[in-house]
Structure formats: structure tokens, C-alpha cells
Amino acid sequence: MLQINLLREKPEFVIERLAIKNFKASELVHAIVDLDQKKRVLQKNLDDNLAESNKLATEIGNFFKQGNKAEADTLKLRTATLKEASKELSEQLEDASAKLAELSVQLPNLPHDSVPKGTHAEHNEIVSQEGEIPVLHKEAVPHWDLAKKFNLIDFDLGSKISGAGFPVYRGKGARLQRALINFFLESGINAGYEEIQPPYVVNEDSAYGTGQLPDKEGQMYLATLDKLYLIPTAEVPVTNIYRDVILKPADFPVKNVAYSACFRREAGSYGKDVRGLNRLHQFDKVEIVQIARAENSYEILDEMVAHVTFLLRSLGLPFRILRLCGGDMSFASALTYDFEVYSTAQERWLEVSSVSNFESFQANRLKLRIKNESGKTELAHTLNGSALALPRIMAALLENYQVEDGIRIPAVLVPYTGFEKIS
RNA sequence: GGAGAGAUGGCCGAGUGGUCGAAGGCGCACGCCUGGAAAGUGUGUAUAUGCCAAAAGCGUAUCAUGGGUUCGAAUCCCAUUCUCUCCGCCA
């Protein structure tokens, strides 16, 4: 959620910046500013009214104490009309506030200056690319065939137990998963992140806090009996640790790393995108989250990008980094770098990580603030990134490391898997 | 799941209808004292929002959350959430 002050003071600037995200904000911005103005007038009237009532109540109290019942009773008559008016005003105020909140959450975050214009993924800017794309032997196949051949992942069994998109990992497939999770967690810890094991379901407040609600309601599984949402990413519970929190300068840096299963309904997905491990309803991910001060949040973003780069380098996978264009960025992000690994058998790039700075957009909703050295409170900046999402890493590993008689395991993972080869 | 007790500021804790944003203590910040420190001592120490260019100042709201009673609620009533104790069930 954007800060209301910015909308009040520079509405045209906001409209202009949001055009980079291909968002036509003019109408909405003006509606918000008008409504805000209206709300403040109501607030003022109500406050004045209540002040008057409070004054009268004190006077009545005093008269009672003096035993002057008659005076007290006359004053009481006056409070009745005030009370009526206050009730009316507070209803109007509540109405205006609700509408304002409803409109405010519809405005996306402003993109950072470096965000390229563009409407689609093709307009994303390739920042860098590294790693050798391996030349595979002529019998090489996509990961779903490898998974079957070596009995690593059973998609049909998952369908039987739960439904499409809930694969069953088994044997060395399951062990490789676990090895990756441990490698990612350990790497995070080595980089100074505190490990968190969050709940996998969250309440409405948390889902709202990170912006899953109200817009993305249909993308989450909901346990209706208790009104709990299955988390689509560990970002949700971990970031909500800091909901309604005021941090001190001494609390920094705030760095969390968390493994979790992630649940996504992925309504509306189809085609080659969903084949094999490419898109699942349940998958594993290690997430990194940082809370930063406004003045250095972009340095922190670079640090997080460097961390993800380290992970992919260690795994020996060919990858590239993209700076997302305005049209491809998420609603809440100010700047996002996507990481894609090359899946050699599918001959396509697969997104495995997305690292973003949300600046104060999430913090504003979360009420996550910092009390600075001079005693002023200001909004914090929030950042997060996948480090990393498992399924597509798994897909790329299986495909890129396949040899004629099996699948090799990158050296860095061997201490975690306990085996060097799948065959 | 059943029965009972409870939820007050960063923390502890007082407050059962008015003068309570809230005693007292701890902690913290700044000052005095000191060669330096401790002790002592003084002052300050919540959040949101509105008026104001801003600061100061003032108004309003907030004693788990939401509603109600009342001229007036931390205090009384109702609902919800959470915590603790006991019983039941259970990995």
C-alpha cells in the first residue's frame, strides 16, 4: 500500500510512475485523494464533537460531586443531541475509511527508476548470464522421463493420493530433495541468516498483511472450518513476524531464512508450463527475507542477488539474471530480479528465483516501522527472494547432469545426498 | 472437547464508574555528582490520527479484539481471540 502522503502531495508523479507498470492510475489516485480529504473533514467534525461531549461529561461529574443535581440534569439534555450527531458522524467516517482502504489496496507499488518499460516477459532486461550450457548425449530426455526411469518422482501416484500437481518423491529422488533443502538452508545460515520454521497455515490478518488478500484469494487453499490459508510461500508467515512491530536501529540486520512447503492452486494454468515439475500445487522452497532501513535497502537487494548467484554457481547450473520490466513485475514490488536456469532437455529457461525490494509498500500494510536515532518512527523496507525453489532446480539438475548411464550429482551436494550418482 | 482463572505501557504491577494515557517499580535516554565507574540524584520515556508549512502546542482514539449500558468505562454487560490450571483425548 502506498503512503497517503505521497498521493496527497504528488498525485501526478504517482500516476506517471505507475504508467511504467502499465497501470492507468489517474482515476483511482484522484478518487483516493478526494476520499481522503472527505475523511479528514469528517474526522475533524467528529473529534470536535467528542471533545465537546467529554467536556460536558466532566462538568456533569463536577456538579454531581457538588450535589447540584439540577444543573447536571440540564447538561445531560445537551449531551443527547451531541451523542446523536457523533453517532451519525462516526458511521460516515467508518464508511469513508472502509472505502478509502478498499481503493488504496488497488494501487500497485511504484517501480524503481531502473525498471525498464515493457508489457511482457520479452521486455525484461537480461542483466547477466553465466555457466556453460552442457551438450547432452543423443538419448537425453526431459526430467519427467528421467524421474520415471530412475523411480525418483511418481506423478501418477500423487494424482491418486491427492490430485494433479502433488508429486510423490521417492528413493534417491526424495533424498536429493532433502539434500537441496539442507544445502540451501546451510548456505543461508553461513550468509548470516537466522533459520525460521514457520507455520504452514496463516490467518486472515497475515494473508492481508503481505498482500495475498484481497486480490489473490483464489490462488490460496483455504481450510474453511477454521478460516486458515495454506501458505503459498514462507514469505507470508515470515514477513508477518514483523507485522505491527517497531524495530530499533540496534535490531539490524534482520535476516531470516526459512524452508517450507508451498501450496498454490494455480487456477488457470495449462499446457507445457505445467508438465512434470514445471508447475505444481505443492512444492518446496527455501526463502530469504530481510527487513532493511530505507537508506540501504538497495544494497541489501544486491546482497540477496549475490547470495542466489552463489547458490546457482555452486550447483553448476547455467543461469541468467533478468531485471523485470514494468509489465512483468508483481503488484507489490519496486524492483525484481528473476533468476532462470537453463533446462537443456526442454530447451527453455525456467524461473527458479525472484528477488524483490518492496520498499515501504508491504511495511505500510504491515505497520512495520523503525524508530530511528532521533526518535522518529518511519516505515521499514522489506525484501525477499527464493533461495531457492526446488522443483525447477530439480528438473534442471536431472536434465543437465544426465549421462548415458545415469545422473551425476554436483559435488557440492554429495555431502548432503550421501551418493554421487543416480543410476 | 469440558470446568475454572486471567489478558493493563518495553517489562513487572496498582487501579471495580468521573479528577486515569493510566500510581509505583524495573529498564532505557539525557543531565548532575565522580579522577573514572557504581551508588545516589533530577528530568524525560507509547502508538495512531487531525488542526498547523513545520516545530511547539492542542483535539481525538487506543488498558487483548468487537459490540453494548451510562452524561461519563481500564473498571459493568455480551460475543470473539489468546494465555494459564484441572479433566478428557492424543502424535
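Spatially, segment A:140-183 and segment A:1-37 are offset by 47 Å when compared through their Cα centroids. For chain A, the share of accessible area belonging to carbon and sulfur comes to 50 percent (1.4 Å probe, ligands and nucleic acids excluded). Near residue A:247, the amide H atoms lying under 5 Å from its own belong to A:369, A:370, A:371; only residues 5 or more places off or on other chains count, and H is placed 1.01 Å from N. Legend: calculated FRET efficiency, residue A:24 to residue A:215, from the Cβ-Cβ distance at R0 = 25 Å, rounded to 0.05, equals 0.90.
For the listed peptides A:96-105, A:359-368, A:376-385, A:184-193, a ranking on the average number of other beta carbons within 10 Å per residue, highest first, reads A:359-368, A:376-385, A:184-193, A:96-105. For q values of 0.16, 0.22, 0.23 Å⁻¹, compute log₁₀ I(q)/I(0) with the Debye formula on a Cα-only model of segment A:203-274, without solvent. Each listed q maps to, in turn, -0.67, -1.02, -1.08. The Kirkwood hydrodynamic radius of chain A, based on inverse pair distances between different Cα atoms, is 24.4 Å. Could you run the Debye sum over the Cα atoms of segment A:129-190, one equal point scatterer each and no solvent, and tell me log10 of I(q)/I(0) at q = 0.12, 0.13 Å⁻¹, two decimals? Each listed q corresponds, in turn, to -0.46, -0.53.
The convex hull drawn around the Cα atoms of segment A:289-330, when projected onto a plane and averaged over every direction, covers 3.9 nm². For segment A:6-58, the convex hull drawn through the C-alpha positions has a volume of 71 cubic angstrom per residue. Using the Karplus relation 6.51 cos²θ - 1.76 cosθ + 1.60 with θ = phi - 60°, the per-residue 3J(HN,Hα) values for segment A:307-323 come to 5, 5, 4, 4, 4, 5, 4, 4, 7, x, 9, x, 8, 9, 10, 10, 9 Hz, with x marking Gly and Pro.
Calculated over segment A:1-105, the projected area of the Cα convex hull averaged across directions stands at 7.7 nm². Dividing the Cα radius of gyration of segment A:283-423 by its Kirkwood radius returns 1.09 for Rg/Rh. A cut-off of 5 Å between modelled amide H atoms, ignoring neighbours fewer than 5 places along the same chain, links residue A:354 with A:339, A:386.
For chain A, the per residue solvent-accessible surface stands at 49 Å², with DNA, RNA and ligands left out and a 1.4 Å probe.
Computed from phi, the 3J(HN,Hα) profile of segment A:17-32 under the Karplus parametrisation 6.51, -1.76, 1.60 (θ = phi - 60°) reads 5, 5, 4, 4, 8, 6, 10, 7, 9, 3, 4, 5, 4, 5, 5, 5 Hz, with x in place of Gly and Pro.
Using alpha carbon centroids, what distance separates segment A:67-103 and segment A:314-384, in Å? Segment A:67-103 and segment A:314-384 have Cα centres spaced 47 Å from each other.
The values are calculated or read from the model by the stated rules, or taken from the named source; none is laboratory data. All values derive from a computational prediction rather than experimental measurement. Here the Cβ is made from the backbone with ideal geometry for all residues, glycine too, and neighbour counts use every protein chain on show. Quick note on the areas: whole protein, heavy atoms, side chains included, nothing else; ligands and nucleic acids left out. Shrake-Rupley method; radii C 1.70, N 1.55, O 1.52, S 1.80 Å.
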